[in-house]
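First up is the structure itself, then whatever we jot down about it.
The values are calculated or read from the model by the stated rules, or taken from the named source; none is laboratory data. Since the model is a prediction, treat every value here as computed from it, not as a measurement. Every residue, glycine as well, gets a Cβ built from its backbone with ideal geometry; the counts of neighbours run over all protein chains shown. Areas reflect the complete protein model, heavy atoms only, side chains present, ligands, DNA and RNA absent. Shrake-Rupley method; radii C 1.70, N 1.55, O 1.52, S 1.80 Å.
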Amino acid sequence: MSRLLTTVLAAAGLLSLAACSGKPETPAAAAGQPAVASTSAIPGDFGPPQGEPVHAVLTSPPNVPPPVHRDHPAKVIVDLEVIEKEMQISEGVTYTYWTFGGTVPGSFIRVRQGDTVEFHLKNDPNNKMPHNIDLHGVTGPGGGAASSFTAPGHESQFTFKALNQGIYVYHCATAPVGMHIANGMYGLILVEPPEGLPRVDHEYYVMQGDFYTTGKYREKGHQPFDMDKAIDEKPTYVLFNGHEGSLTGDKALAAKVGETVRLFVGNGGPNLVSSFHVIGEIFDTVRQEGGTVEQHNVQTTLIPAGGAAMVEFRTQVPGSYVLVDHSIFRAFNKGAMAILKVDGPENKAIYSGKEVDAAYLGDRAEPNLHAVATAAKANAAGTLSKEDQIAAGKQLFTGTCSVCHQASGEGLPGVFPPLAKSDFLAGLGKDELIGIPLHGHTGKVTVNGKEYDSVMPPMSQLTDDEVANILTFVLNSWGNPGGQISKEDVARVRAQPAPAPAAGH
Ligand SMILES: [Cu+2]
């Protein structure tokens, strides 16, 4: 509205008034645009496309297409195909995603301000649902949604001029809109300023989204979408780039010491706002909300649902930098974690040493849950052996219990009791043992002649088969008495009321 007004005033030559008052303003500057000659009265319109039409380079996350490097507006053709497909959301857990281009988030699109974009949206004939696209970088009703409604096996076309520079979310807007977005239908389009963005060594594409499955976090097998959880805004997963572990282990983002990194960080939602933070880095520059104002020296930047930001920093010391949503349960208990691995020489003057703490990240840094997935499959097939359970339990123990009881099971003197050759553990009945991870433990315990009086928090986020596998591993390790716990045993104990905390405190 105000831009329109400015444009109208400029056309009438009325802005000279502002110039006289010592505050020169061009329509372009008023709209936060660089002062590039515009051939029409509409800011960001640099005239008709010139030269042969070009096909946009589309990339899958975390990759970003190369800079445009063009000094004139062009006609850019974007070909995007909607694909519905089953993929892994977490180790051993599958989900039916709806995608723009086969990935979550969808293909990254990069154009130049003033470009005329001819958009082709295809809906794969094997798909079951109609889809469309609303690009926040489009000026026009629905951001293209109404013009792009496409049934399976069809293709739609519409054209828009990219008037405003910035980093914009696109998403499906077909009813039920929330469900289409929750299934992964979002991505980013970058509209470069005419002169391009400042050069950096690495550009990466990271997008957060919240997911709603009928089963619990990491509950194995195929998990359908849960509409009730979505309406209540209670996600099962909060993820970067659509899958747990999509940017960790050997898929981590990479840079070298002294290099500059630009992250295009989007948030597809559908519900949550992201408190985007990189553990161990300070953002030198943030273009918050994807706008043109640059903010400096930022620790955590808010990325609204349906919003994006450009985040830039120079790496100074090597190590693993952890991208999180600093609403921190989402990082440690719902998957919102990614890694930027920086290689290069130490600089002890900047930072003394001791890298990522394994106990801080647990199995999250390098998910290695293949044994867990194997056990889940065997479980489903009814062929689960004690050996499968022990192998899976060992992985889960590393991620969950070893922070306190240590990988060796020896505990920490005076703080965390040992599980290795624990006489206390050996004396417990099956149900009492199962009750410890389910309900936690408080009050005095004496283990191998030493007294502990501390608190073990309940680990009720673990599923029945996870608890069964962990305890079977513990019972069969470090000189403990052996035995086997089934998931049915755990379900039975979980259904019982929690016992009162042990006497003695
Ligand atoms: Cu859709």
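Evaluated against (1) assigned to a loop (DSSP other than H, G, I, E, B); (2) surrounded by fewer than 18 Cβ atoms within 10 Å (Cβ to Cβ), residue 485 falls short on exactly one condition, (2). Taken together, 485, 470 contain a single residue that is under 25 Å from residue 406 (Cβ atoms), at pLDDT 90 or above, over 33 Å from the mean Cα position of the chain (by Cα) and not hydroxyl-bearing (Ser, Thr, Tyr), which is 485.
Comparison of 105, 53, 73, 49 shows that the only residue that is in contact with a Gly (Cβ under 8 Å, 6 or more places away or on another chain) and more than 16 Å from the ligand (Cβ to nearest atom) is 73. Listed here are the strands (runs of 3 or more DSSP E) enclosed by region 149-268 that have at least 2 residues being closer than 30 Å to residue 50 by Cβ: 155-161, 166-171, 186-192, 202-211.
Would you mind stating whether residue 96 is away from the ligand (no atom under 12 Å from the Cβ), closer than 30 Å to residue 224 by Cβ, in the same structural domain as residue 179 (by the TED database) and in contact (Cβ under 8 Å) with a residue 24 or more places away in the chain?
Values: away from the ligand (no atom under 12 Å from the Cβ): yes; closer than 30 Å to residue 224 by Cβ: yes; in the same structural domain as residue 179 (by the TED database): yes; in contact (Cβ under 8 Å) with a residue 24 or more places away in the chain: yes.
Against the criterion (away from the ligand (no atom under 12 Å from the Cβ), closer than 30 Å to residue 224 by Cβ, in the same structural domain as residue 179 (by the TED database) and in contact (Cβ under 8 Å) with a residue 24 or more places away in the chain), residue 96 qualifies.
Taking residue 464 as the residue in question, decide whether it is charged (D, E, K, R), open to solvent by less than 60 Å² (accessible area, probe 1.4 Å), touching a helix residue (DSSP H, G or I) at 6+ places or on another chain (Cβ under 9 Å) and over 22 Å from residue 385 (Cβ atoms). So residue 464 fails the test.
A count restricted to region 227-255 and to residues that are open to solvent by 10 Å² or more (accessible area, probe 1.4 Å) and more than 19 Å from the chain's Cα centre (by Cα) stands at 4.
For residues in region 166-176 being open to solvent by less than 20 Å² (accessible area, probe 1.4 Å) and either over 21 Å from the mean Cα position of the chain (by Cα) or more than 13 Å from the ligand (Cβ to nearest atom) (or both), which is modelled with the lowest pLDDT?
Restricting attention to region 166-176, the residues satisfying the condition of being open to solvent by less than 20 Å² (accessible area, probe 1.4 Å) are 166-167, 169-170, 172, 174.
The next check asks that each one be either over 21 Å from the mean Cα position of the chain (by Cα) or more than 13 Å from the ligand (Cβ to nearest atom) (or both); those that pass are 166-167, 169, 174.
On the way: 166: 98, 167: 98, 169: 98, 174: 93.
The selected residue is 174.
In region 110-121 there is at least one residue that is among the hydroxyl-bearing types (Ser, Thr, Tyr) and modelled with pLDDT of 95 or more.
For region 212-226, which residues satisfy the criterion of being more than 23 Å from residue 467 (Cβ to Cβ) and in contact with a Pro (Cβ under 8 Å, 6 or more places away or on another chain)? Correct list: 212 only. Just one of the numbered conditions (1) open to solvent by 20 Å² or more (accessible area, probe 1.4 Å); (2) within 30 Å of residue 373 (Cβ to Cβ); (3) in a loop (DSSP other than H, G, I, E, B) is not true of residue 106: (1).
In summary, residue 408 fulfils each of the numbered conditions (1) among the hydroxyl-bearing types (Ser, Thr, Tyr); (2) in a loop (DSSP other than H, G, I, E, B); (3) touching an Asp or Glu at 6+ places or on another chain (Cβ under 7 Å) with the single exception of condition (3). Residue 129 meets all of the listed conditions (1) without any contact (Cβ under 8 Å) to a residue 60 or more places away in the chain; (2) in a strand (DSSP E or B); (3) farther than 16 Å from residue 106 by Cα but one, namely (2).
Could you tell me whether residue 143 is surrounded by fewer than 18 Cβ atoms within 10 Å (Cβ to Cβ) and either within 16 Å of the ligand (Cβ to nearest atom) or at pLDDT below 95 (or both)? No.
A Cβ distance below 9 Å, combined with a sequence gap of six or more or placement on separate chains, defines the contacts here; from region 401-419, residues that are among the aliphatic types (A, V, I, L, M) reach residues that are exposed (fewer than 12 other Cβ atoms within 10 Å of the Cβ) in the pairs 403/359. Might you check whether a residue that is within 16 Å of the ligand (Cβ to nearest atom) and surrounded by fewer than 18 Cβ atoms within 10 Å (Cβ to Cβ) occurs anywhere in region 177-197? Looking for residues that are within 16 Å of the ligand (Cβ to nearest atom) and surrounded by fewer than 18 Cβ atoms within 10 Å (Cβ to Cβ), one finds at least one in region 177-197, hence yes. A single member of 84, 118 is open to solvent by less than 40 Å² (accessible area, probe 1.4 Å), more than 15 Å from the ligand (Cβ to nearest atom) and assigned to a strand (DSSP E or B), and it is 118.
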